[in-house]
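Colleague: Pasting a structure below so you can have a look.
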Amino acid sequence: MKCSKDMVKLICDGKSINFNAIAPRLNAPTQSEAVARETEMTQNKILYSAKLDKNMQRSAYFKTNKRTVKSNIMLKFVTKTIDIKLRGEADCTTTLEDPIELLNRIEQFMKKSADAEYDFLDFWEANQKFFAMKQGTTENLMHFKERFLTQAEVLQDLYGVAWFQNFAVKTKAYAAIASTDTAAQDKFKDDISEAVLATGFLCNCD
């Protein structure tokens, strides 16, 4: 990995490097005599150009290396449970591309207690997060679909597989099915989750 020292600095400092802030500046000549001043200016431009090229290369490697570090974190240090939570975050493909932001978010998840006293809070947060879910302004449709279905699975784990069936029997469509047609009633209840999720997805995507 080229310019790996920048990655070490990133992790140690806990913040990104602003390459614009550390970009070189063209020094003005200090000589007063015209020929000497012109010679000094030429040397300053050569030095400035070399430093600028190096800074731009560092910046380019920095972006590439951040993706590599992020991938290594996801592959080597993230459990399946945390991975599901991360993929459910709206900024999964934007803010969380930064390794520091990713590590901070993982730390938040890991600090959250799994004790029984927090079950009600987890249940409420899962519902709130799912029903308030919207496609991000820069989020592509496929990522939103993945995030939407991942959060739906979280709710399904909380409610059980039949989590929309109580709603199904109260719909007009269910009431229109003949009471003697139990096979059609059962099929309607089995398919209701998919219909509700499809409706929610269409309502919440751009």
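Colleague: What relative contact order, as a whole-number percentage, does the chain give when Cα pairs under 8 Å and 6 or more residues apart are counted?
Modeller: 16
Colleague: Still on this model: Compute the whole-percent fraction of alpha carbon pairs in the stretch 122-166 spaced more than 16 Å apart.
Modeller: Tail fraction, whole percent: 41.
Colleague: OK, next. Decide, for the stretch 150-206, between rounded, prolate and oblate: order the square roots of the alpha carbon gyration tensor eigenvalues as a ≥ b ≥ c, take rounded if a/c falls under 1.5, and otherwise choose prolate if a/b is larger than b/c, else oblate. Mind dumping the intermediate values first?
Modeller: Values: a/c = 2.96, a/b = 1.66, b/c = 1.79.
It comes out oblate by the Cα gyration axes.
Colleague: Quick one: putting +1 on the C-beta of Lys and Arg, -1 on the C-beta of Asp and Glu, what dipole do you get for the chain around its Cα centre, in Debye to the nearest 20?
Modeller: That gives a dipole near 960 debye.
Colleague: Report the charge-dipole magnitude of the stretch 129-201 in Debye, nearest 20, computed about the Cα centre from +1 at each Lys and Arg Cβ and -1 at each Asp and Glu Cβ.
Modeller: 300
Colleague: Now for a separate question. Could you work out [θ]222 nm for the chain from helices alone, using -39500 (n - 2.57) per DSSP H run of at least four and dividing by all its residues? Round to the nearest 500 deg cm²/dmol.
Modeller: -22000 deg cm²/dmol
Colleague: To continue, here is another question. Which whole-number percent is the relative contact order of the stretch 4-84 (Cα, under 8 Å, 6+ apart)?
Modeller: Relative contact order of the stretch 4-84: 29 percent.
Colleague: What do you get for Rg/Rh over the stretch 25-117 if you use C-alpha atoms and the Kirkwood form of Rh?
Modeller: On the way: Rg = 23.8 Å, Rh = 17.1 Å.
Result: Rg/Rh = 1.39.
Colleague: Find the all-direction average of the projected area of the Cα convex hull for the chain, expressing the result in square nanometres with one decimal place.
Modeller: Values: hull surface 71.5 nm².
With the hull built on Cα positions only, its mean projection is 17.9 nm².
Colleague: Residue farthest toward the positive end of the dipole of the stretch 1-121, with Cβ of Lys/Arg at +1 and Asp/Glu at -1: which of Thr93, Thr39, Leu75?
Modeller: Of Thr93, Thr39, Leu75, it is Thr39.
Colleague: Quick check on packing: order 96-104, 15-23 by the mean number of other C-beta atoms within 10 Å, highest mean leading.
Modeller: 96-104, 15-23
Laboratory data are not the source of any read-out in this text; all were calculated from the coordinates shown. Everything quoted here is computed from the prediction, not taken from an experiment. Heads up, the Cβs are rebuilt from the backbone with ideal geometry, glycines too, and the neighbour counts pull from every protein chain shown.
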